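Student: Take a look at the following structure, please.
The values are calculated or read from the model by the stated rules, or taken from the named source; none is laboratory data. No experiment lies behind these values; they were computed from the predicted model shown. No Cβ is skipped: glycine too gets one built from the backbone with ideal geometry, and neighbour counts run over all protein chains shown.
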Amino acid sequence: MIRVYNDTNLIGENAEQDQDEYLALKQLRELTNQNGSTKVIIETISNRNLNELDQTKDEKLRHRLQQAAKVLSKESNDHKLVGIHTFFDRFGTCINSPFVVDVPDEEIFAKLMGIPLEDEMDARLLTVAIFNKYDVFLTRDWKSILKKRQEINALFPEIRLMKPSELLAHLHTP
């Protein structure tokens, strides 16, 4: 089984902006749905991806992207609780405020930001994928992620950064 973490640019209409990669992504999804296949692909996103979709300004597009994201698996291990502040007042009222870091591993995140990546959100998404031991981070992002592929793979050789067409070619290689 190949575990694939999807970048936000491969969700719904975002994926259709590059027709070649969109067609490759559709073929990958067809491979996933074939029974008896030895190479099963599990596509995943996290709450971080969903938050990024929520920032889409066009309301109709935002709704369509959110609907497209619903069919993908969700990675819940995308943040870390570092503590809870509890306050009691003299009337017995109790207020709990969690302290949450929005990446599951700050060391991985710091290494990615040290490369540096163009977009902090990309570093956050990659941190989730690396921390949760995904095999592939699937993206179309040449501006930030794929441009820095060699540097990222030097630090984190356990994950492959690929476009959908590259993963498809890899799967068809004997």
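Student: Filtering the stretch 27-45 down to residues that are modelled with pLDDT of 80 or more and within 18 Å of the chain's Cα centre (by Cα), which residue is surrounded by the fewest Cβ atoms within 10 Å (Cβ to Cβ)?
Tutor: Ranking the candidates gives Arg29 first.
Student: With (1) touching a strand residue (DSSP E or B) at 6+ places or on another chain (Cβ under 8 Å); (2) of a type outside the set (S, T, N, Q); (3) surrounded by fewer than 17 Cβ atoms within 10 Å (Cβ to Cβ); (4) closer than 25 Å to Val101 by Cβ as the list, and Leu126 as the residue in question, which single condition is left unmet?
Tutor: (3)
Student: Within the stretch 89-133, how many residues turn out to be under 16 Å from Tyr5 (Cβ atoms) and either over 19 Å from the mean Cα position of the chain (by Cα) or of a type in the set (S, T, N, Q) (or both)?
Tutor: 2
Student: For the subset of the stretch 138-164 comprising residues that are crowded, with 18+ Cβ neighbours inside 10 Å, touching an Asp or Glu at 6+ places or on another chain (Cβ under 7 Å) and within 18 Å of Ile11 (Cβ to Cβ), which member is modelled with the lowest pLDDT?
Tutor: Here the answer is Ser144.
Student: While we're here: Do any residues in the stretch 98-118 that are over 16 Å from Asn77 (Cα atoms) and free of Cβ contacts under 8 Å to residues at least 24 places away in the same chain have Cβ atoms under 6 Å from those of residues that are buried (at least 18 other Cβ atoms within 10 Å of the Cβ) and among the aliphatic types (A, V, I, L, M), where the two are at least six apart or on different chains, and which pairs are they?
Tutor: Met113/Ala123
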